[in-house]
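Written out below as structure tokens is the structure these notes cover.
The values are calculated or read from the model by the stated rules, or taken from the named source; none is laboratory data. Bear in mind the structure is a predicted one, so any value in this text is a computation, not a measurement. Note that we place each Cβ from the backbone using ideal geometry, even for glycine, and neighbour counts take in every protein chain shown. The accessibility values were calculated without ligands, DNA or RNA, using every heavy atom of the protein model including side chains. Shrake-Rupley method; radii C 1.70, N 1.55, O 1.52, S 1.80 Å.
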Amino acid sequence: MALASQDVVTPADKKGIFGWMLFDWAAQPFFTVVTTFIFGPYFASRMVSDPDLGLQYWGTIGFVSSIIIAVLSPLLGAMADATGSRKSWIGVFALVKIISLSLLWFAAPGSSALLVGMLFVLASLAAEFSIVFNDSMMTRLVGMQSVGRISNIAWGLGYLGGMIALFAVLLLMAGNAETGKTLIGIDPIFGLDPAKGEDARITGPLSALWYLIFILPMFLFTPDTARGMPLKRAVRTSVSDLRNTLGEISGRPGIVRFLLARMFYQDGVNGLLFLGGAFAAGMFSWQTMELGLYGIILNVIAIFGCVAASFIDSAIGSKKVVFISLVLLLLATVGIVSTSPEATLFGAIALPAGDSGGPFGTMAEKVYILYGMMIGIAFGPIQASSRSYLARSVSVEEAGRYFGIYALSGRATAFLATGMNAALIYFTGSARIGMSSLILLLAIGFVLLIFTPYPASNPDKHR
């Protein structure tokens, strides 16, 4: 199908585009080593003494941050259009994120879950709000034919950055709970003590420093829109613009269907990323080393998935990439929630109980990793191609407003993923039943996407 938008833009030079893509590289270690694979599982299984209670707390933290993100993202997106400049906003949120992440170092075992949760919520808000402004810059940097390729390559760079950060933790910082040695057999640098959780707590300051260094090329080289209205006037204007956009969107049913579909399937993706590592840590008693290796495996697969999707998106379109990714995620999630130390696929396939020793020594752990690899293939392309799906469906001038609503659609019901998980664990005492809610969210998104046109609308008719 032909692209809906052929907006004429003056492409940024290579340094400007590369600086923009490095934003994903800079931002990803927070999601990889803090949220998903190291600090999140540490919080759930080691900082809080009861793993099921820890996962419930972790889900509640995600619930709170998702609600705030959902409420404020559309307003911030409208403000991006009104104020013009995106970099100044990203700079403010960068400061909040760097300070909050650095303070996670003090999250020792037995620390207040409330205080640590507040720091994590602040870091999450700053990270997600920055993404709204960064995503809305994309349509001004490259033509519509290139957004799918650039979006997927940037996402792949992000996973590469996350993987390198994981390697740094495993090879240099995280000591084995039994031997005290890192993955390459040396003492952890800085004298980090795994018994005190320092192997996981270091991921906060590490991610903060990484973000500070690698976000600089975007500020130095990527062109920004000229500053528009003063802040006070922009706030008033953005509220009015947001109200008008929400009214206007009812006349663009394709975009409505796309955003509804994404609202559900992105909740499932967010749930997998936020809860998957903590779920594995609770089921298999994985420590930092096993979680880090698992994260590296997924990130390696994710990089190849994004590189492949950067070509596939240009060849067959963003919608088909999202479809393929959803099928893989559904199959993988069913596999994960159906796996126990004794069997998989809800008991249909029995698994040997023996342990061969070393990381992932049981057959159940190996099967879990296979399902995880399916997630790794899909979770980059589904997010990158969703971003290019919308970029092809709106005009350059309205990108900020619609990417704000896009962020809302990714978070509006995110409290369902984390909230349903926490509630189901509370009422049933089973983390597996809690994780099963993700299957429903992915399936609803899949069905809604079937009835969504591609591109979602022709922005030329709505200028």
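Over 26 Å from P51 (Cβ atoms) and not in a helix (DSSP H, G or I): does that describe S314? Answer is no for this residue. Going by what's in this entry, would A350 be described as open to solvent by 10 Å² or more (accessible area, probe 1.4 Å), over 26 Å from L170 (Cβ atoms) and modelled with pLDDT under 90? Here the answer is yes, as A350 does meet what is asked.
Among the residues that make up the stretch 182-193, is at least one of them part of a helix (DSSP H, G or I), surrounded by fewer than 17 Cβ atoms within 10 Å (Cβ to Cβ) and either touching a helix residue (DSSP H, G or I) at 6+ places or on another chain (Cβ under 7 Å) or of a type in the set (A, V, I, L, M) (or both)? So far as the stretch 182-193 goes, yes, one or more of its residues are part of a helix (DSSP H, G or I), surrounded by fewer than 17 Cβ atoms within 10 Å (Cβ to Cβ) and either touching a helix residue (DSSP H, G or I) at 6+ places or on another chain (Cβ under 7 Å) or of a type in the set (A, V, I, L, M) (or both). Every test in (1) aliphatic (A, V, I, L, M); (2) open to solvent by 50 Å² or more (accessible area, probe 1.4 Å); (3) out of contact with any strand residue (DSSP E or B) (no Cβ under 9 Å at 6 or more places or on another chain) is passed by L326 save one, and that test is (2).
Looking only at residues of the stretch 199-216 that are open to solvent by less than 20 Å² (accessible area, probe 1.4 Å), in a helix (DSSP H, G or I) and hydrophobic (A, V, I, L, M, F, W, C), we find that the one that is nearest to G158 (Cα to Cα) is A208.
Taken together, the residues in the stretch 82-116 that are open to solvent by less than 30 Å² (accessible area, probe 1.4 Å), more than 19 Å from G404 (Cβ to Cβ) and of a type in the set (S, T, Y) amount to 1. For the stretch 272-283, the criterion of being open to solvent by 20 Å² or more (accessible area, probe 1.4 Å), closer than 29 Å to D50 by Cα and either assigned to a loop (DSSP other than H, G, I, E, B) or free of Cβ contacts under 8 Å to residues at least 60 places away in the same chain (or both) is satisfied by no residue at all.
Here the stretch 438-449 is the region considered, the condition is being over 17 Å from Y371 (Cα atoms) and open to solvent by less than 10 Å² (accessible area, probe 1.4 Å), and the residue that is modelled with the lowest pLDDT is L441.
Residue by residue, here is whether (1) free of Cβ contacts under 8 Å to residues at least 60 places away in the same chain; (2) hydrophobic (A, V, I, L, M, F, W, C); (3) in contact with a Gly (Cβ under 9 Å, 6 or more places away or on another chain) holds:
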{"site": "C306", "(1), (2), (3)": "no, yes, yes"}
{"site": "D313", "(1), (2), (3)": "no, no, yes"}
{"site": "A364", "(1), (2), (3)": "no, yes, no"}
{"site": "Y368", "(1), (2), (3)": "no, no, yes"}
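Taking the stretch 308-323 as the range and being open to solvent by 60 Å² or more (accessible area, probe 1.4 Å) and either modelled with pLDDT under 90 or within 30 Å of E178 (Cβ to Cβ) (or both) as the test, the residues that pass are F311, I312, S314, A315, I316.
Just to be sure before I move on: is A423 in a helix (DSSP H, G or I) and modelled with pLDDT of 80 or more in the structure I sent? Answer is yes for this residue.
Look at (1) modelled with pLDDT of 90 or more; (2) of a type outside the set (V, I, T); (3) open to solvent by 10 Å² or more (accessible area, probe 1.4 Å) and you find that A26 fails only one, number (3).
Of the residues in the stretch 417-456, how many are among the hydroxyl-bearing types (S, T, Y), over 19 Å from the mean Cα position of the chain (by Cα) and over 22 Å from Y406 (Cα atoms)? Steps first, please.
Our first condition is that a residue be among the hydroxyl-bearing types (S, T, Y); within the stretch 417-456, this holds for 418, 426, 428, 430, 436-437, 452, 454.
Next, from what is left, pick out any that are over 19 Å from the mean Cα position of the chain (by Cα): 426, 428, 430, 436, 452, 454.
Among the residues that remain, those that are also over 22 Å from Y406 (Cα atoms) are: 426, 428, 430, 436.
Here the count works out to 4.
Candidates in the stretch 183-201 are the residues that are among the β-branched types (V, I, T) and touching a Leu at 6+ places or on another chain (Cβ under 6 Å); of these, the one that is nearest to A281 (Cα to Cα) is I184. Residues of the stretch 122-152 that are assigned to a helix (DSSP H, G or I) and surrounded by fewer than 20 Cβ atoms within 10 Å (Cβ to Cβ): L122, Q145, S146, R149.
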